[in-house]
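Everything on this sheet refers to the single structure shown next.
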Amino acid sequence: MEIRLIDRDGNNEGVIDVDTALKRAQELSLDLVMVSSSDECSTCKIMDYSKYVFEKEKKSKRQHKRKIRTKEYSFQPTTEYHDIDIMINKCIKNLNKGHRILFLMKFTQRQRKHKEVGIEKLKYVEKKLNEVAIVEKKDETQNSISFLFINKPKD
């Protein structure tokens with residue numbers, strides 16, 4: 001059986017017998033890996049297979065880290081401004097990591113009658129983060145929850 005051989009540098013060696021290709025791989029202390037299979041002539045490459053698998057896993061982990069996640073911060077109208085400032089500081093750290101932020105203002109039954117207090121605190125958060133980020137979307141119409149989406153602007 002003959003195969004098309006590609007050496008470790010990526011150069012095409014042409015069509016070679018399988019035994020010859022295996023000997024070349026063993027001389028270099030590398031593996032002979034089938035890249036593509038076809039009826040006429042399979043393509044094989046001389047490479048370090050364990051290193052290839054390791055690099056592939058490393059690349060997938062790196063791509064997983066790049067995913068943008070949404071961090072959620074929820075509070076009520078009774079939350080003090082000092083506690084909100086602490087949330088804002090944590091929020092800025094997450095914005096610098098590239099995450100989106102969602103601030104949720106949750107109202108209980110009695111607090112729904114005085115939504116202006118909660119909305120005032122959301123405006124406070126928006127004002128504090130205006131220097132650092134862009135407010136994507138704010139919605140003050142839902143029944144028991146108001147929210148604020150914040151995203152880091154592209155530099």
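The values are calculated or read from the model by the stated rules, or taken from the named source; none is laboratory data. If you're wondering where the values come from, they're calculated on a predicted model, not measured in any experiment. Glycine also receives a Cβ, built like all others from the backbone with ideal geometry; neighbour counts cover every protein chain displayed.
Output the number of residues of the stretch 71-104 satisfying the condition of being closer than 21 Å to Glu131 by Cβ and either among the hydroxyl-bearing types (Ser, Thr, Tyr) or touching a strand residue (DSSP E or B) at 6+ places or on another chain (Cβ under 6 Å) (or both).
11
For the stretch 31-122, which fully contained strands (runs of 3 or more DSSP E) count at least 2 residues that are loosely packed, with under 11 Cβ neighbours inside 10 Å?
The strands (runs of 3 or more DSSP E) meeting that bar are 31-36.
Select from the stretch 123-138 the residues that are surrounded by 11 or more Cβ atoms within 10 Å (Cβ to Cβ) and assigned to a strand (DSSP E or B) and write down the one among them that is modelled with the lowest pLDDT.
Lys138
Could you go through the stretch 66-73 and let me know if any residue there is touching a Cys at 6+ places or on another chain (Cβ under 9 Å) and of a type in the set (Phe, Trp, Tyr).
Checked the stretch 66-73: at least one residue is touching a Cys at 6+ places or on another chain (Cβ under 9 Å) and of a type in the set (Phe, Trp, Tyr).
Yes/no per residue for (1) touching an Asp or Glu at 6+ places or on another chain (Cβ under 7 Å); (2) at negative phi:
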residue	(1), (2)
Gly14	no, no
Leu22	no, yes
Leu30	yes, yes
Ser36	no, yes
Ser50	no, yes
